[in-house]
Structures are given as C-alpha cells and as structure tokens.
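Visitor: Please read through the structure below; I'll follow up with questions.
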Amino acid sequence: MSAWSQTATAPPQAGMPPALTDWRGANDAVAQFKRGHIDLLKWESANLKAESATPAAAPNLMLMTPADAVRQAWRVHRELARTQSRLGAEATQRVADGRWDTVDPSLQRRVDDMDELLEVAADARRAWLNAVAARKLLRFREAALTSAEAGEELGRRMVSVGNWSPLQATPFQLARASARVALQRAQLASMKADGALLQLLRLSGSDTRLGLPADLPELPTESLTRDTWQQRLAAVQAHVPGIDAVRNRIASETAFAVLQTSHAIARASRGEVLQLRSFITEETLLHYNGMLKSVWDLLGEVGNQASAEVDAIEAQRDFWLAETDLQWTLQGGAPTSFVSPGGGGTEAAAPAH
C-alpha cells in the first residue's frame, strides 16, 4: 500500500484543517474507482501490459522474421528464381537472413541479376522493420490511452465530490485528448506500414492479414568497426565497375556514418535515457502519493516517460534500417536515401550522388 493510500484510510483527526479533511474524503470516494487509487497513473503502459483495444483477426500470412519477408518478396519476382539457383542454397539463405557480410562480393560479377536480388531483399527488410515498429508503437499508444482515460475518470470523481474545481481537472482531460490523437496517428502509421509491406509483396490488404512479431530484433552490443567496414568496402569495390564504384563508395560512407550514429542513439535511448526517465517517474509518483508533488508534476513526468518510450522504439527501428542500408552497400548497392537517426524515421537524408 502506498504512503498516500495509508494516509487516506486514516480517520480525520480533531483540529485538522478543513481542506485536508475534504481531500481525504475525496480520496476515499476515488478509491472506489474500479482501477483503484491514483497509483493507476503509474506508467504501467510502458511495459505494454494493456490489451489491444481492437483485437486483430487471425493472421493468414506469418512473417515472423525479416527472412520470411525477403523470401516472400522473392517469390513474387519470378525472374529471381534463376538467380537464386545460380547463387546456391547456402548463399541464398545468408542473403535472406541478412548475413550479407558472409556472401562473396565477387558474385556481383558472376551471377546475373544479383543486384536485383539484393535490392528486393533490402526493400523487404525495410518494409518489415517499419511494419513491426509501427505495430509496437500502436500497442503502446493503446495502452497509453487506457491510462489517460483512467486518469480523466479520476479527475471527474475529484470534481464530483467537490475537492477539485473543473479547471483543476483539465490536465487529465488534456492528457486523454492528447493520447487519443497520438493513438489515431499511430493507427494510420501502422495501416500505412502494413500497406507498404503488402504492396511490396504484391498482396491484397483485404485478403491478407499479416502475422508479425511483437518486438524488433535486439540491438547488438557493438556496432561494425571502421576497420572492418573499410576492409569489406575494399573487397566489394574490386568488383564494382566505373561510376558505379564511385556511387557505391559515397553511399557506403554515408551508410556507415548513419549506422554509427543510429547505434549510439539507440543504445542511449533504450539504456540510460529510458532508465533515468523510469526512475524519475517512479520517484515523482512516490512524492505525489506522499503529497510532496502536485498532480501536474506527475502528469508532466508521465508525458516525459511516454516520449522516452516512443524514442526508444523508433531508435531501435532506425538502427536496423541503417544496418540494412550498410549491408547493401557492402555488396555493391547504392541507396539513394537514408534514415535520419533521432528524426522519427520519417525524413530521408540527402541522396547520395
């Protein structure tokens, strides 16, 4: 039981100021709310424990890994069947799995349409990553709205027992309104991401329901070193002709810089920043329960915690998008745009020329 709940259940003492007595009476009334006391504002939605507001229909196409999406994309490019055959089962599997650094770069010269095979694989990986991240953000926004609605109900009860004025309840109303807008945006973003993946796979959205994992792949502890990148780039440059080699080098230099930045941001967002935000929110809640912080302080920290959660999800996605681009360049490709780390993933970097 929280310190605030213990105080709330204590009987009023003689000589207690009227305002505090009224606060405790209001608190007792609020305690009847089915979600419990003010502790409901603890950011449990950070762990995505709330169920989806609209359960999705059972999927009929399971794409639980990027390799699943890549192979599905290859199937609709029938002309690539011959390329896969010439490449061999083992090398084809490595490409599908994203282990492009283990594929011989000389295959660019020896296997027809190898560049197209890799481009389709890169596009499929990006579309899959965007769809998985968009769904995770959607679940987070659904959970956030559930918490905000509970907070708004708490505010209404405080007003109904006369402890708060309607003005004092407006922060909860604003939090709920903001959460609903964020959810609507997340719903649209998820629908578009699913649509982009379905379009790449040449499937109908009305007939196909995608099964995707709940989380993106975990971040690696260490990113690719500069020495390793330079060695791999030199190996592929020997097999890329003329002007294509120039484009490939420029693209790879950009891709490597984006990868390094994306990895640093993702590690910080999912580590230090998120942990500190969680600690601050927990402490603010404890101080609120002890009447040392106001409801506005608590709502502000809950908002900061939500922003940190969203940033962490987007940073993890951005890293894997950057990793896909770099791997492609190390097989001779030249992406024309790159993810903008820390920019929400919606803006492309300047094209490589």
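Visitor: Based on what the data block shows, is residue 188 modelled with pLDDT of 95 or more and either in a loop (DSSP other than H, G, I, E, B) or over 30 Å from residue 112 (Cα atoms) (or both)?
Guide: When the stated conditions are applied, residue 188 passes them.
Visitor: Here are the criteria: (1) without any contact (Cβ under 8 Å) to a residue 60 or more places away in the chain; (2) under 30 Å from residue 305 (Cβ atoms); (3) over 18 Å from the mean Cα position of the chain (by Cα). Tell me which single one residue 158 does not satisfy.
Guide: Going through (1) without any contact (Cβ under 8 Å) to a residue 60 or more places away in the chain; (2) under 30 Å from residue 305 (Cβ atoms); (3) over 18 Å from the mean Cα position of the chain (by Cα) one by one, residue 158 breaks only (1).
Visitor: Further, regarding this structure: Going by the structure shown, is residue 240 under 15 Å from residue 332 (Cβ atoms), modelled with pLDDT under 95, crowded, with 17+ Cβ neighbours inside 10 Å and among the β-branched types (Val, Ile, Thr)? Outline the logic, then answer.
Guide: Numbers: under 15 Å from residue 332 (Cβ atoms): yes; modelled with pLDDT under 95: yes; crowded, with 17+ Cβ neighbours inside 10 Å: yes; among the β-branched types (Val, Ile, Thr): yes.
It is true that residue 240 is under 15 Å from residue 332 (Cβ atoms), modelled with pLDDT under 95, crowded, with 17+ Cβ neighbours inside 10 Å and among the β-branched types (Val, Ile, Thr).
Visitor: Now for a separate question. Sort out which residues of region 150-185 are among the hydroxyl-bearing types (Ser, Thr, Tyr) and either touching a Cys at 6+ places or on another chain (Cβ under 7 Å) or assigned to a helix (DSSP H, G or I) (or both), and write them in order of number.
Guide: 160, 170, 178
Visitor: A follow-up question, please. Could you tell me whether any residue of region 192-202 is touching an Asp or Glu at 6+ places or on another chain (Cβ under 9 Å) and within 27 Å of residue 131 (Cα to Cα)?
Guide: yes
The values are calculated or read from the model by the stated rules, or taken from the named source; none is laboratory data. Nothing here was measured: the structure is a model prediction, and the numbers come from that model. For neighbour counting, all protein chains shown are included, and Cβ atoms are generated from backbone atoms with ideal geometry for every residue, glycine included.
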